[in-house]
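Notes follow once the structure below has been shown.
The values are calculated or read from the model by the stated rules, or taken from the named source; none is laboratory data. Remember, predicted model here, so these are calculated numbers, not experimental data. Glycine gets a Cβ as well: all are built from the backbone with ideal geometry, and neighbour counts include every protein chain shown. Just so you know, the surface numbers come from the protein's heavy atoms only, side chains and all, with ligands and any DNA or RNA stripped out. Shrake-Rupley method; radii C 1.70, N 1.55, O 1.52, S 1.80 Å.
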Amino acid sequence: MASRIWPAPDYTRITLESRGTIKHSVFTLKDPERLVLDLESDELSAALADLHAKVTAGDPYIQGLRVAYNRPGVIRVVMDLKTEVAPQVFTLKPIGEYGFRLVLDLYPALAVDPLIALIEESQKKAKPGTGEVARLATIVIDPGHGGEDPGAIGRHGSREKDVTLIIARRLKAQIDAEPNMRALLTRDGDFFRRCTRASRRRAGCAPTSSSPSTPTPSCGRTRAAPRCSRFRSAARLPRRRSGWRRRRTRPTSSVASTST
């Protein structure tokens, strides 16, 4: 069995990997806050026994961790928490060099959009300029993959998550050099962070640096390139040429809308 812990600003991921399926149960305890993971196994592997050493002091949610036999056939992992969490647990089937995986994500009990929080924090740190700026364009760059998800693996061992982060940092430097523009990274380290639609609308633009179609070992799916209105319009051209027209419907409400 192999074990990994990926702390990130908005959540912490614990991954246990095994040759076979991992039967488990998860529950929380109060006063103090603890998260308990019971694993059905007769063997306490070295990867589990050393799991506590992988907890860093900067982890936003895990204070400490201990592993021991709870009863015959059950190994208990107890996590001492810094705050209340909302755990999410799921399993993944083998893909590539990965075996069966049990993934435990620790999110804050009160969910906060990480990208919106990043933008608001950047606005607080921003120093007022000498000149007047009509609008400061905020561009959020989303480096693909990260953490448990390495993305594509190159011929000589290069990982897509490292390449996308390098590209994103260079792009950020170029954008920051432009007047009235600033760039933010959804991740500036080796972890995975989701970028929601709401946070994308909050930013002026949210480009993603990732391959158009790359198998991701963390989910077994493919990551599609971002869509835009230009591509959607191009997809509709053949239909228009063949005589297809979209039927327009009038609004049923009698209240007129005004645009500002």
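Does segment 17-70 come out rounded, prolate or oblate by the C-alpha gyration tensor, with a ≥ b ≥ c the root eigenvalues, rounded set by a/c under 1.5 and, if not, prolate when a/b is larger than b/c and oblate if not?
oblate
Please arrange Y69, Y11, Y98 by accessible surface area, largest first, computed with a 1.4 Å probe and ligands excluded.
Reading off the accessible areas and sorting them downward yields Y69, Y98, Y11.
Compute the signed sum of charges (Lys and Arg +1, Asp and Glu -1) over the other residues within less than 12 Å, Cβ to Cβ, of Q63.
Net charge around Q63: 0.
What is segment 31-107 by shape, rounded, prolate or oblate, if you read a ≥ b ≥ c off the alpha carbon gyration tensor as root eigenvalues and call it rounded for a/c under 1.5, prolate for a/b larger than b/c, and oblate otherwise?
In terms of gyration-tensor shape, oblate.
For segment 1-61, what % of the accessible area comes from carbon and sulfur atoms, probe 1.4 Å?
Carbon with sulfur: 52 percent of the solvent-accessible area.
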